[in-house]
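Please read the structure below before turning to the comments.
The values are calculated or read from the model by the stated rules, or taken from the named source; none is laboratory data. Bear in mind that the values here come from a model prediction, so they are computed numbers and not experimental data. Virtual Cβ from ideal backbone geometry, glycine too; neighbours counted across all protein chains shown.
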Amino acid sequence: MGAADVVPGVSGGTIALIVGIYEPLVGTVHTAASALGHLLRFDVSEATAALRRIDWWFIGPLFVGLIAAVLTLARLIEVVLEDYPIGTSAFFFGLVAGSIPLAWGYVRRPAGMHFLLAAMAAAGTFVLLGFRGDAVSDPSLAVVFGSGAIAICAMILPGISGSLILLMLGMYDRVIEALNGRELGVIATFAAGAVIGLALFSTLLDYLLRRYHDLVMAALVGLMLGSLRVLWPWPDGADSAGLDAPEAAWIGPVALAVLAAVTVLALGRLGRRSTAT
């Protein structure tokens, strides 16, 4: 999930959905958010009770792995995106495309309204992702905090990545620079914004999943489908919203996309099998 969150256009939520831990993740984050809310109101007893309800053996290793991947792979992925943009975008295009049928499988009772909602979400996402913000030079800590709060909402949604939101806000380069340069003040401010944003958004998402499960899952499928725009490899899915025709050397990227799609479908099957047991 951490590696996916570093790549513009790929969401850690997509990875969670692939391996079958998405809904437990949202529920656990919501419980942690409620504990934080009680703690901020100095209601220690309720905060303690909420903390006890958290599955720490689930969220602990997941959180450590996510942070470790972000810190160790940010530079590597930055280099790969710069040196091999077409192949990298093709691989992640296949990853997200292969995730779409897996996500649709979570719609328990598909109906016409679900197909319509997915199509509308896909169209809206496709149009929205055509926008890019100019890079913000020397942003204030308040802007960094706000960016973290907004980006984390996308990181938990399959199909839209936090990195892509940062690109649209013009903050992607600054955040990657801070991670690579170990700028602790900027990283801590961004993380604080992410914690607050995640607490608020997870509460809403948990409520919607419990009340309108199939509609939410259909909308998430649409988000994933529309997000393929930013991963289209030609000329460069990581940095351009263009949808040019494939160039002459298209066999390699297509093979990478197919490999990624097959891999993610296999992972999805294994994930569902393991969660079922």
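Structural remarks
- Of ILE15, ILE54, ILE59, ILE86, all but one fail to be in contact (Cβ under 8 Å) with a residue 60 or more places away in the chain and aliphatic (A, V, I, L, M); the exception is ILE86.
- Leading residue by the ranking (modelled with the lowest pLDDT) among those in the range 146-171 that are in a loop (DSSP other than H, G, I, E, B) and in contact with a Pro (Cβ under 7 Å, 6 or more places away or on another chain): SER161
- Residue list for the range 16-56, restricted to those being over 27 Å from ALA154 (Cβ atoms) and part of a helix (DSSP H, G or I): VAL44, SER45, GLU46, ALA47, THR48, ALA49, ARG52
- Among the candidates LEU76, LEU116, the residue that is farther than 24 Å from ALA3 by Cβ and free of Cβ contacts under 8 Å to residues at least 60 places away in the same chain is uniquely LEU116.
- Sole exception among (1) modelled with pLDDT under 70; (2) part of a helix (DSSP H, G or I) for ASP236, by number: (2)
- Odd one out for GLU78, checked against (1) within 25 Å of ARG182 (Cα to Cα); (2) not in a helix (DSSP H, G or I): (2)
- When the residues of the range 242-277 are filtered to those that are under 12 Å from ALA90 (Cβ atoms) and at pLDDT below 80, the one that is surrounded by the fewest Cβ atoms within 10 Å (Cβ to Cβ) is ALA249.
- Residue list for the range 179-200, filter: surrounded by 19 or more Cβ atoms within 10 Å (Cβ to Cβ) and either on the phi > 0 side of the Ramachandran plot or of a type in the set (Gly, Ala, Ser) (or both): GLY193, ALA194, GLY197, ALA199
- Looking only at the range 89-113, residues that are part of a helix (DSSP H, G or I) and either touching a residue at least 40 places away in the same chain (Cβ under 8 Å) or β-branched (Val, Ile, Thr) (or both) come to 17 in all.
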